[in-house]
Amino acid sequence: MKGTRAALRYAKAILGLAKEKGLASEINNDMLLIDKTINENADLLSMLKMPIIKSDMKKSALTKIFSESVNPITIGVFNLLIENKRLTLLPLVAKEYTIIYDYLKGIEIAQVTSAIPLTKELEAKLLIKLKEIVGKEITIKNIVDPSIIGGFILRVGDKQFDSSISNQLNLLLSNFKNNHYISKL
């Protein structure tokens with residue numbers, strides 16, 4: 001993804017400052033809020049990316065949206081990105097900050113892709129089992145993808161377990177294609 005390395009550098013610098021001030025957790029909450037707000041508002045994202053909108057207007061909009069709910073350090077991030085003409089990186093910086101913050105705190109993110117949203121009960125059971133297996137604090141991110149038909153795909157770190165029906169059907173089809181005794185499908 002374009003700009004990821006630069007976003008990571010900004011995120012590391014912000015985390016360093018936040019740790020120095022003892023506000024790493026609070027800034028993480030701000031970054032989560034920024035990420036959620038931008039992802040839920042396509043107009044806000046497109047406004048940040050539009051080169052014809054002046055930086056002053058972008059700064060004014062961000063300040064009005066976030067000024068009462070975020071730390072002054074986070075407002076400083078807006079100013080820094082505007083000053084360096086890198087405001088389009090704001091969503092990436094927020095994501096990268098939360099990733100390195102979670103890593104620093106020893107929190108692992110388990111991405112569960114399912115055909116339907118996970119229930120609270122299933123999520124709780126899954127959390128308990130994953131904590132036993134991984135041995136770290138776990139947070140679950142549920143992605144709904146109806147194309148997997150059923151089952152789930154679990155990804156923790158660089159490991160993936162695919163128990164989806166679409167994967168099982170693809171394996172079955174592959175086995176049929178490789179079998180010389182079955183006519184071509």
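The values are calculated or read from the model by the stated rules, or taken from the named source; none is laboratory data. Note that the coordinates shown come from a computational prediction; the quantities given were computed from them, not determined experimentally. In this analysis, Cβ positions are derived from the backbone assuming ideal geometry, glycine residues included, and neighbour counts consider all displayed protein chains.
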Problem set entry | Long-range neighbours under 7 Å by Cβ, at least six apart or interchain, first residue under 20 Å from residue 21 (Cα atoms) within region 56-73, second surrounded by 14 or more Cβ atoms within 10 Å (Cβ to Cβ) and among the β-branched types (Val, Ile, Thr) | 67/75; 71/27; 73/27
Seminar exercise, completed: Counting only residues in region 139-175 that are charged (D, E, K, R) and surrounded by 11 or more Cβ atoms within 10 Å (Cβ to Cβ), the one farthest from residue 32 (Cα to Cα) is identified as 162
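With assigned to a loop (DSSP other than H, G, I, E, B), out of contact with any Pro (no Cβ under 7 Å at 6 or more places or on another chain) and more than 18 Å from residue 44 (Cβ to Cβ) as the only criterion, which of 116, 128, 100 stands out? Give the derivation first.
Values: 128 fails: assigned to a loop (DSSP other than H, G, I, E, B); 100 fails: assigned to a loop (DSSP other than H, G, I, E, B).
So the residue among 116, 128, 100 that is assigned to a loop (DSSP other than H, G, I, E, B), out of contact with any Pro (no Cβ under 7 Å at 6 or more places or on another chain) and more than 18 Å from residue 44 (Cβ to Cβ) is 116.
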Seminar exercise, completed: Here, helices (runs of 4 or more DSSP H) confined to region 7-92 with at least 2 residues that are farther than 21 Å from residue 105 by Cα and of a type in the set (Phe, Trp, Tyr) are none
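Restrict the check to region 104-114 and report whether at least one residue is of a type outside the set (A, V, I, L, M), surrounded by fewer than 16 Cβ atoms within 10 Å (Cβ to Cβ) and within 15 Å of the chain's Cα centre (by Cα).
To start, the set of residues in region 104-114 that are of a type outside the set (A, V, I, L, M) comprises 105-106, 108, 111, 113-114.
Still in the running and surrounded by fewer than 16 Cβ atoms within 10 Å (Cβ to Cβ): 105-106, 111.
In the following step, the residues that additionally are within 15 Å of the chain's Cα centre (by Cα) were identified as 111.
The answer is yes, given that some residue of region 104-114 is of a type outside the set (A, V, I, L, M), surrounded by fewer than 16 Cβ atoms within 10 Å (Cβ to Cβ) and within 15 Å of the chain's Cα centre (by Cα).
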Exercise. Using beta carbons and a limit of 7 Å, which pairs, at least six apart or on different chains, have the first residue in region 158-185 and over 23 Å from residue 144 (Cβ atoms) and among the basic types (Lys, Arg) and the second one part of a loop (DSSP other than H, G, I, E, B) and modelled with pLDDT under 80?
Worked result: 177/185
For this session: State which residue is nearest to residue 151 (Cα to Cα) when the search covers only region 116-136 and only residues that are surrounded by 14 or more Cβ atoms within 10 Å (Cβ to Cβ) and without any contact (Cβ under 8 Å) to a residue 12 or more places away in the chain.
Result: 122
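Residue check: is residue 143 outside any helix (DSSP H, G or I), under 30 Å from residue 49 (Cβ atoms) and either outside the structural domain of residue 9 (by TED's automatic domain parsing) or at pLDDT 95 or above (or both)? Break it down stepwise before answering.
Details: outside any helix (DSSP H, G or I): yes; under 30 Å from residue 49 (Cβ atoms): yes; either outside the structural domain of residue 9 (by TED's automatic domain parsing) or at pLDDT 95 or above (or both): yes.
Criteria met by residue 143.
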Problem set entry | Residue selected from region 69-95 under the condition surrounded by fewer than 21 Cβ atoms within 10 Å (Cβ to Cβ) and of a type in the set (Ser, Thr, Tyr), by the criterion nearest to residue 32 (Cα to Cα) | 69
Exercise. Would you say residue 113 is in contact (Cβ under 8 Å) with a residue 12 or more places away in the chain, within 30 Å of residue 73 (Cβ to Cβ) and β-branched (Val, Ile, Thr)?
Worked result: no
Exercise. Are there any pairs, at least 6 apart or on different chains, whose C-beta atoms fall under 8 Å, with the first in region 13-42 and assigned by TED's automatic domain parsing to the domain that holds residue 70 and the second loosely packed, with under 13 Cβ neighbours inside 10 Å, and if so, which?
Worked result: 15/104; 24/104; 30/69; 33/69
For this session: Identify, from the list 174, 163, the residue that is in the same structural domain as residue 126 (by TED's automatic domain parsing), hydroxyl-bearing (Ser, Thr, Tyr) and more than 19 Å from residue 127 (Cα to Cα).
Result: 174
For this session: Please specify each residue of region 71-87 satisfying the condition of being under 14 Å from residue 57 (Cα atoms) and not aliphatic (A, V, I, L, M).
Result: 78, 79, 83, 85
